[in-house]
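Novice: I'd like to ask some things about the structure below.
The values are calculated or read from the model by the stated rules, or taken from the named source; none is laboratory data. Worth saying up front: this structure is predicted, and the values here are computed from it rather than measured. Cβ: placed from backbone, ideal geometry, glycine included. Neighbour counts: every protein chain shown. Quick note on the areas: whole protein, heavy atoms, side chains included, nothing else; ligands and nucleic acids left out. Shrake-Rupley method; radii C 1.70, N 1.55, O 1.52, S 1.80 Å.
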Amino acid sequence: SWATRWLVGPSSFALAARLLILLAIAFLPQSLPAAESSFEDRPAGQSVEDLDSPLTRAIEEREKLQTLFPWLKRRMQLFPNFIANTELRLNFRSFYFPLREQDGETAYAWTAGGKLAFRTGWWRERLQVGAGLYTSAPLVADDPLALTGLLREQERGFAVLGEGYLLLRWRDVEATLFRHELDLPYVNRNDSRMAPNSFQGVTAKGIARGVPWLHRVDWVAGYLTDMRPRNENEFITLSERAGAVGTNEGMFLAGVQFRPLPDLSLGGYNYLVTNTFNTAYLAGDYLWKLNADWAMRFQGQFTHQASVGDELIGSFRTWVTSGRVATSFRGFTGWLALSKTDDEEQIRNPYGSYAGYISLMQSNFNRAGERAASVGLSWAPKAIPGWSGFFQYAHGDGGFDPVTFVEGSSEQEFDLTVDYEIKGGRWRGFWLRLRGSLLDTEGAETTAWQVRAILNYTIPIL
């Protein structure tokens, strides 16, 4: 049809024009609002100081929100701290998501759900109890293969206790037991659909103080047995999630992050899934403040992956290295990123989002042998509170494409995002996001596209 011919074409300018039109479609009445929040994916900030990074996300503290019912909170202060400081949040989420894959298959879904999160106050400053119920229900869906990732296969909704944990604290060390969320490079929530990943096991994190010559040292360690993928209602073992069906291997993880200077962060993480594969990750991040309006940020990272032990998912070894430089001036932030992946295998990230700097809506640009470059520009004007947006373009070539089986094929993607977030007052926590993406890959049957309309509304009940 004429519509199909219009959506397919190699021209970069044509792709960009079509992206703008697809985004305009998202504003029409039939495009009902929906929601998203994911690793390295949040509304744009006003400077490079707000630019997200796998290192900064890993040590962020949970934000405290003012309750929607202050009179009830005041009455609760009559009880011990364990009850008085109990938190109850409803993170409502709705997601409208039409798409077309590279093979021409189309799908769409509109869902509603989110997360109900509960956490007590501290008992004797040593113990907290928490839980999180995740839900996703189809409102409209036409996708028997669940291509959107918003629902389970056959377009079934789900409700699952994704979190159920004990949090223990001793001085500067906190240990979390049982089901909980993580936000580490490669092992994280990947919360870009209806519900995040969650993990089962034991993790501990802390701050080492008084280390000579270092401004701050953060560390994390743990052992995970299972995980719940973001669109499922059951936990599976870490080795099975990697592709070794019927196996029962867990993950040892450890990481350290230190700051020799207040604006310089260096870190390293290692994840060993026994008899399966190992991932080692190193990163550095430096912020250079030139004056009150102008700043620059330099970031670099390296990832190495290799099979280990019984090699349950086969023998392989690969790596990727990437860097990003960004600058900001009066609400505008621009960046350039480069990456190179080893020729042997593409990078695997079954336990969360890819931690590379070139990771767009549809492609991570980390295929075997791929060389990639990306540019982006964001704007968060102070004069228009709550509004922000960003544009990204990435091009990769030399990579073996596992979908089209074209060796050395090129790919390019255009993404455009507009956000409106209320950060204060009665409606604080309301976040509307509109996104569009076009992905053109050499050898594919057609140009893949996505439109996402997303609504998040966090309601602090207690």
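Novice: Give the stretch 101-143 a look and list any residue that's touching an Asp or Glu at 6+ places or on another chain (Cβ under 7 Å), closer than 30 Å to D440 by Cα and open to solvent by 20 Å² or more (accessible area, probe 1.4 Å), or say none.
Specialist: Within the stretch 101-143, Q102, D103, G104, Y108, P138, A141 meet the criteria.
Novice: Next question, about the same structure. Determine which member of the set T176, T203, T225 is more than 24 Å from N364 (Cβ to Cβ), touching a helix residue (DSSP H, G or I) at 6+ places or on another chain (Cβ under 9 Å) and in contact (Cβ under 8 Å) with a residue 12 or more places away in the chain. So that I can check it myself, show each step before the final result.
Specialist: Working: T176 fails: touching a helix residue (DSSP H, G or I) at 6+ places or on another chain (Cβ under 9 Å); T203 fails: touching a helix residue (DSSP H, G or I) at 6+ places or on another chain (Cβ under 9 Å).
On inspection, the qualifying residue turns out to be T225.
Novice: In this structure, is F258 part of a strand (DSSP E or B), closer than 24 Å to L312 by Cβ and not basic (K, R)?
Specialist: Answer is no for this residue.
Novice: Here's a follow-up. Quick one: which of G436, G424, G408, G396 is on the phi > 0 side of the Ramachandran plot and of a type outside the set (K, R)? Can you show your working first?
Specialist: Values: G436 fails: on the phi > 0 side of the Ramachandran plot; G424 fails: on the phi > 0 side of the Ramachandran plot; G396 fails: on the phi > 0 side of the Ramachandran plot.
Matching residue, one of G436, G424, G408, G396: G408.
Novice: Can I ask one more? Check the stretch 339-348 and report whether any residue there is in a loop (DSSP other than H, G, I, E, B), open to solvent by 10 Å² or more (accessible area, probe 1.4 Å), in contact (Cβ under 8 Å) with a residue 24 or more places away in the chain and hydroxyl-bearing (S, T, Y).
Specialist: no
Novice: Tell me, which residue of the stretch 370-394 that is closer than 21 Å to Q346 by Cβ and more than 21 Å from the chain's Cα centre (by Cα) is surrounded by the fewest Cβ atoms within 10 Å (Cβ to Cβ)?
Specialist: Among those residues, the one meeting the criterion is R371.
Novice: Separate question: Sort out which residues of the stretch 155-178 are in a strand (DSSP E or B), open to solvent by less than 70 Å² (accessible area, probe 1.4 Å) and not aliphatic (A, V, I, L, M), and write them in order of number.
Specialist: F158, G162, E163, G164, Y165, R169, E174, T176
Novice: Select from the stretch 64-82 the residues that are modelled with pLDDT of 90 or more and open to solvent by less than 80 Å² (accessible area, probe 1.4 Å) and write down the one among them that is nearest to the chain's Cα centre (by Cα).
Specialist: Out of the qualifying residues, it is F82.
Novice: Could you tell me how many of the residues in the stretch 77-100 are touching an Asp or Glu at 6+ places or on another chain (Cβ under 9 Å) and either outside any strand (DSSP E or B) or among the polar types (S, T, N, Q) (or both)?
Specialist: 1
Novice: Of the numbered conditions (1) outside any loop (DSSP other than H, G, I, E, B); (2) touching a residue at least 40 places away in the same chain (Cβ under 8 Å); (3) in contact with a His (Cβ under 9 Å, 6 or more places away or on another chain); (4) not charged (D, E, K, R), L416 fails exactly one; give the number of that condition.
Specialist: (3)
Novice: Now for a different question. For the stretch 265-279, check the following and say yes or no: at least one residue is of a type outside the set (A, V, I, L, M, F, W, C), crowded, with 18+ Cβ neighbours inside 10 Å, at pLDDT 95 or above and in contact with a Lys or Arg (Cβ under 9 Å, 6 or more places away or on another chain).
Specialist: Yes, some residue in the stretch 265-279 is of a type outside the set (A, V, I, L, M, F, W, C), crowded, with 18+ Cβ neighbours inside 10 Å, at pLDDT 95 or above and in contact with a Lys or Arg (Cβ under 9 Å, 6 or more places away or on another chain).
Novice: So, E61, is that one more than 28 Å from G386 (Cβ to Cβ) and at pLDDT below 90 or not?
Specialist: Spelling it out, it is not the case that E61 is more than 28 Å from G386 (Cβ to Cβ) and at pLDDT below 90.
Novice: If you don't mind, another one. Only one residue in A283, A295 is in contact with a Gly (Cβ under 7 Å, 6 or more places away or on another chain) and open to solvent by less than 60 Å² (accessible area, probe 1.4 Å). Which one?
Specialist: Details: A295 fails: in contact with a Gly (Cβ under 7 Å, 6 or more places away or on another chain).
Exactly one of A283, A295 is in contact with a Gly (Cβ under 7 Å, 6 or more places away or on another chain) and open to solvent by less than 60 Å² (accessible area, probe 1.4 Å), namely A283.
Novice: Would you check which residues across the stretch 175-201 are under 13 Å from E163 (Cα atoms) and of a type outside the set (D, E, K, R) and list them?
Specialist: T176, L177, F178, H180, L182, A195, P196, N197, S198, F199, Q200, G201
Novice: Something else: Evaluate the stretch 227-238: report whether one residue or more is open to solvent by less than 40 Å² (accessible area, probe 1.4 Å), among the basic types (K, R) and under 25 Å from I347 (Cα atoms).
Specialist: yes
Novice: Looking at S322, S265, S239, which is the one that is outside any loop (DSSP other than H, G, I, E, B), of a type in the set (G, A, S) and within 28 Å of L147 (Cα to Cα)?
Specialist: The unique qualifying residue is S239.
Novice: Please determine whether any residue of the stretch 197-218 is touching a strand residue (DSSP E or B) at 6+ places or on another chain (Cβ under 6 Å), aromatic (F, W, Y) and open to solvent by less than 10 Å² (accessible area, probe 1.4 Å).
Specialist: yes
Novice: Can you tell me which residue within the stretch 295-321, out of those that are touching a residue at least 40 places away in the same chain (Cβ under 8 Å) and not aliphatic (A, V, I, L, M), is farthest from A283 (Cα to Cα)? Before the answer, list the steps.
Specialist: At the first step, the residues of the stretch 295-321 found to be touching a residue at least 40 places away in the same chain (Cβ under 8 Å) are 295-297, 299, 301, 303, 305, 312-313, 318, 320.
Keeping just the survivors that are not aliphatic (A, V, I, L, M) gives 297, 299, 301, 303, 305, 318.
Details: R297: 13, Q299: 7, Q301: 4, T303: 9, Q305: 15, T318: 17 Å.
Going through the qualifying residues, I end up with T318.
Novice: Under 6 Å between Cβ atoms, at least 6 apart or on separate chains: pull out the pairs that start in the stretch 271-284 with a residue that is without any contact (Cβ under 8 Å) to a residue 40 or more places away in the chain and of a type in the set (A, V, I, L, M) and end on any residue that is surrounded by fewer than 23 Cβ atoms within 10 Å (Cβ to Cβ) and assigned to a strand (DSSP E or B).
Specialist: If the second residue must be surrounded by fewer than 23 Cβ atoms within 10 Å (Cβ to Cβ) and assigned to a strand (DSSP E or B), the pairs left are L272/F252; L272/N278; A280/N270; A280/H304; L282/G268; L282/F302.
Novice: Kindly establish whether E163 is of a type in the set (D, E, K, R) and at pLDDT 95 or above.
Specialist: yes
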